[in-house]
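The values are calculated or read from the model by the stated rules, or taken from the named source; none is laboratory data. Computed from a predicted model, the values in this text were never measured in an experiment. Neighbour counts are summed over all protein chains in view; Cβ atoms, including those assigned to glycine, are modelled from backbone coordinates with ideal geometry. Side chains included, ligands, DNA and RNA excluded: accessible areas come from the protein's heavy atoms. Shrake-Rupley method; radii C 1.70, N 1.55, O 1.52, S 1.80 Å.
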Amino acid sequence: MKYFKPRSLTWWASVVPMAGGVFIALEPMHGMGGVADSVSNLLGNVQPYILINAGLAGIGFRGAIK
């Protein structure tokens with residue numbers, strides 16, 4: 001449970017971009033292009049792999065600090 005802290009704001013700040021990046025990356029599979037474009041605009045028009053890596057790094061740093 002070192003990395004799973006749903007009551008932490010920093011954990012949510014890392015999970016949201018990671019989930020958004022996965023959603024954008026899997027757009028060809030779910031076919032919701034309009035929603036994926038909206039999520040992309042909301043997260044700053046960043047490539048999905050950058051969002052996923054940033055989320056994983058944030059969760060890793062959060063776990064390493066505690």
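Could you order 7, 62 so the one with the most accessible surface comes first? Probe is 1.4 Å.
My answer, sorted largest first, is 7, 62.
Can you match mean projected area of the Cα convex hull in nm² to one of these, [x] 3.7; [y] 4.3; [z] 4.7, based on a calculation from the structure here?
Calculated mean projected area of the Cα convex hull in nm²: the matching label is [z].
Pop out the ³J(HN,Hα) list for the range 7-22 in order, Karplus 6.51 cos²θ - 1.76 cosθ + 1.60 with θ = phi - 60°, rounded to Hz; leave Gly and Pro as x.
8, 9, 5, 5, 5, 5, 5, 9, 6, 4, x, 5, 5, x, x, 5
Gain in length, residue 26 to residue 49, computed as 0.36 nm per residue apart minus the alpha-carbon separation, to one decimal in nm?
So the chain would gain 7.2 nm between residue 26 and residue 49.
In deg cm²/dmol, rounded to 500, what helix-only [θ] at 222 nm does the chain give when every DSSP H run of at least 4 residues adds -39500 (n - 2.57) and the total is split over its residues?
Mean residue ellipticity, 222 nm, calculated: -23000 deg cm²/dmol.
How much length would be gained if the chain were fully extended between residue 61 and residue 38, taking 0.36 nm per residue of separation minus their Cα-Cα distance, in nm to one decimal?
Taking 0.36 nm per residue and subtracting the Cα distance, the gain is 5.4 nm.
Find out how many positive minus negative residues lie around residue 12, taking Lys and Arg as positive, Asp and Glu as negative, among other residues whose Cβ is under 13 Å from that of residue 12.
Computed value for this residue: +3.
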